[in-house]
Amino acid sequence: MTTARAVPGVATDLPSCVDVRGALCVFLSGSLVEGWGHRDSDVDVYVVREEGPAHADFLSTLGLVDHEVETAVHFVDGRRWDVCYWTPGLLDDLFARLGEYRDDVRGLAKLLQPSDVAFLYRLSAGVAIAGHEYLRERQFVVERSGAAAAIACAAAEEADAAIEDALGLEASGDLHSSVLAARRALDHAIDAFSAHQGALAPAEKWRYLKYRQALDKVTDPPLSLTEYWRLQTMREFSPENPGEWVQLTLDKCYSLLSVLTSAQVSG
């Protein structure tokens, strides 16, 4: 058993199924590290070493680099442990690729796949068990790269497209579809704003929590957490006048996206 930094709901030792032999770095990440987990949350462990596991339960492929990531799944005392093995070469190639697009945020935004976003999030949110300096140096590379800006850019473009849909559908009289498009625009606008502030968690279920995390970094938010939740839960929606809710929601989307636009201009 390897001693680990205390994380709520997780044993203080790593089980023997986590093969750390020859590891340059071992870290935890995901919802439990963020403080967002629950009693049934999986434990996500990442081992950086030259060799993968003796047996991989599934493989995942990144979009930015031609590497497969091996993951072994174990169950310890009724809890699932996902142990993901990364090679140093994978990280080197990923950072080299990010470096190629340091000054081309839009170009990087077009290349990023969901698997890349999840990968970068896991790395940036990691808490080291071993190889603390190794992890911190690579987290610093992610922070200095254009990854967060590219993720924000991609989400903002999706939000813009959804806003256009909502306005066009409303003008055509299809108010039901306009409402759905406005909801989609809000989701993407929130994601864009959150990524702009460095909150990279990709899963939809964490949208509220990552927006809350993002708001901790701003003094004058365009949309308070309470206002966001009222919109998300459609508190002001009236079936007799759906266009009013659509317009309110789109106005807030514009406010969220204007923060990104202002940053681009000032940058």
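Counting just the residues of region 71-109 that are free of Cβ contacts under 8 Å to residues at least 12 places away in the same chain and assigned to a helix (DSSP H, G or I), which one comes out nearest to R138 (Cα to Cα)?
Checking each candidate, the answer is D92.
Restricting the search to region 29-43, which residues are outside any loop (DSSP other than H, G, I, E, B), open to solvent by less than 10 Å² (accessible area, probe 1.4 Å) and of a type outside the set (V, I, T)?
The first filter runs over region 29-43 and keeps only residues outside any loop (DSSP other than H, G, I, E, B), leaving 29, 31-34, 43.
From what's left, open to solvent by less than 10 Å² (accessible area, probe 1.4 Å): 29, 43.
Residue satisfying the conditions is S29 alone.
Filter region 110-121 down to the residues that are touching a residue at least 60 places away in the same chain (Cβ under 8 Å) and surrounded by fewer than 18 Cβ atoms within 10 Å (Cβ to Cβ) and list them by number. Please lay out each step first, then the result.
Applying the first criterion (touching a residue at least 60 places away in the same chain (Cβ under 8 Å)) to region 110-121 yields 114, 117-118, 120-121.
Selection gives P114, A118.
Whether any residue in region 55-67 is open to solvent by less than 30 Å² (accessible area, probe 1.4 Å), in a strand (DSSP E or B), of a type in the set (A, V, I, L, M, F, W, C) and touching a residue at least 40 places away in the same chain (Cβ under 8 Å) is what I want to check. Break it down into steps so the answer makes sense when it comes.
Kept after step one, since they are open to solvent by less than 30 Å² (accessible area, probe 1.4 Å), are these residues of region 55-67: 62, 64-65.
Next, from what is left, pick out any that are in a strand (DSSP E or B): none.
No, region 55-67 has no match at all.
Applying the selection to region 122-134, what residues are part of a helix (DSSP H, G or I) and open to solvent by 10 Å² or more (accessible area, probe 1.4 Å)?
Across region 122-134, the qualifying residues are R122, S124, H132, E133, Y134.
Given the conditions (1) open to solvent by 70 Å² or more (accessible area, probe 1.4 Å); (2) among the aromatic types (F, W, Y); (3) touching an Asp or Glu at 6+ places or on another chain (Cβ under 7 Å), report the number of the one that F140 does not fulfil.
(3)
The values are calculated or read from the model by the stated rules, or taken from the named source; none is laboratory data. Bear in mind the structure is a predicted one, so any value in this text is a computation, not a measurement. Because the Cβ atoms are built from the backbone with ideal geometry, glycine has one as well, and the counts that use them run over all protein chains shown. Areas reflect the complete protein model, heavy atoms only, side chains present, ligands, DNA and RNA absent. Shrake-Rupley method; radii C 1.70, N 1.55, O 1.52, S 1.80 Å.
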